[in-house]
1. Relative to the present Cα-Cα distance, how much length would full extension add between Glu107 and Glu22 at 0.36 nm per residue of separation?
2. Amide H neighbours of Leu142 under 5 Å, at least 5 residues apart or on other chains, H built in the peptide plane: list them.
3. Find the relative contact order for the range 1-137 and round it to a whole percent, using C-alpha pairs within less than 8 Å whose residues are 6+ positions apart.
4. Considering only Cα-Cα distances, which of the following residue pairs are longer than 19 Å: Lys103/Lys196; Lys95/Lys127; Lys183/Lys245?
5. Express in whole angstrom the spacing between the alpha-carbon centres of the range 1-67 and the range 203-236.
6. Using θ = phi - 60° and the Karplus form 6.51 cos²θ - 1.76 cosθ + 1.60, what ³J(HN,Hα) does each residue of the range 125-135 get, whole Hz, x for Gly and Pro?
7. Could you give the length gained on full extension between Lys10 and Ser139, defined as 0.36 nm per residue of separation minus the Cα-Cα distance, in nm?
Amino acid sequence: LVTDDSGHSKGFGFCSFDTPEEAEQAVENLNGFTVGDKQLYVGRFQEKNERLSEVKRKKDLKRQERLNKYQDVNLYIKNLDDTIDVERLRKEFSKFGTITSAKIMSENGRSKGFGFVCFSAPDEATKAVKEMNGRTIGSKPLYAALAQRKEERRMQRETTSRVPQHMPITPAALANATPQEQKQMLGECLFSLIQKMQPELAGKITGMLLEIDNTELLHMLESRESLKAKVEEAIAVLQAHQAKKCFAAKLVVNNSAAS
């Protein structure tokens, strides 16, 4: 029995048996046994490095169980409009199933533009990705995908670094995709290019251009001049629409003043 300097028990001790079988029997019969008002812990003695390895193993096991719990049900959402809060995020995604948790990452009270939505079942999460990825909410097209583990993200980055970026979309690739997937593929490529030209209006302009036929969209991706011309047309339309709204508002104010 281990004691302190005053001779008082520290609450633990050691017992040595003649054979391993006797020690195993003691563990089996006495571990969890109640003595007085305390429940005993009886286990095989372990060296420090062995104990540390066991603690690490249990920690890794719990971590893996936690990861498995959220595997294929947790979505990573980015490119969120600043006006979207958690309630709006839940509302947009709740139509696809039961949401167990939703969170928008923030800093100093301001949205960082990304977050997570966790569903109760994998099929709900898969449906949400299919329907919501590329859909414009607010003024920006969302990016929605199954959340990846840290190791998976690292492997994907390593693979991506070895592959040329912005691979062109071919007519053959579009032909093998559904209409929704086609618009999603084109929308992602367009958005990344338009964002470099018009960061503030990229979401609205992308949504406007996606109304155009896919063949012409492919041409715009191949010809920067064509894309630039369409972006300028879209900006002109937006400016005209804004001017019309301002004129209408001014007209209402003038009429009110006259009356």
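1. 24.7 nm
2. Gly134, Arg135, Thr136, Ile137
3. Worked out over the range 1-137, it gives 17 percent.
4. Distance filter (> 19 Å) returns Lys103/Lys196; Lys183/Lys245.
5. Between the Cα centres of the range 1-67 and the range 203-236 lies a distance of 69 Å.
6. Karplus values, whole Hz, x for Gly and Pro: 5, 4, 5, 4, 4, 4, 8, 9, 5, x, 6.
7. 40.0 nm
Bear in mind these aren't lab numbers, they're just calculated from the coordinates by the rules spelled out. Not measured: the values here are computed from a predicted model.
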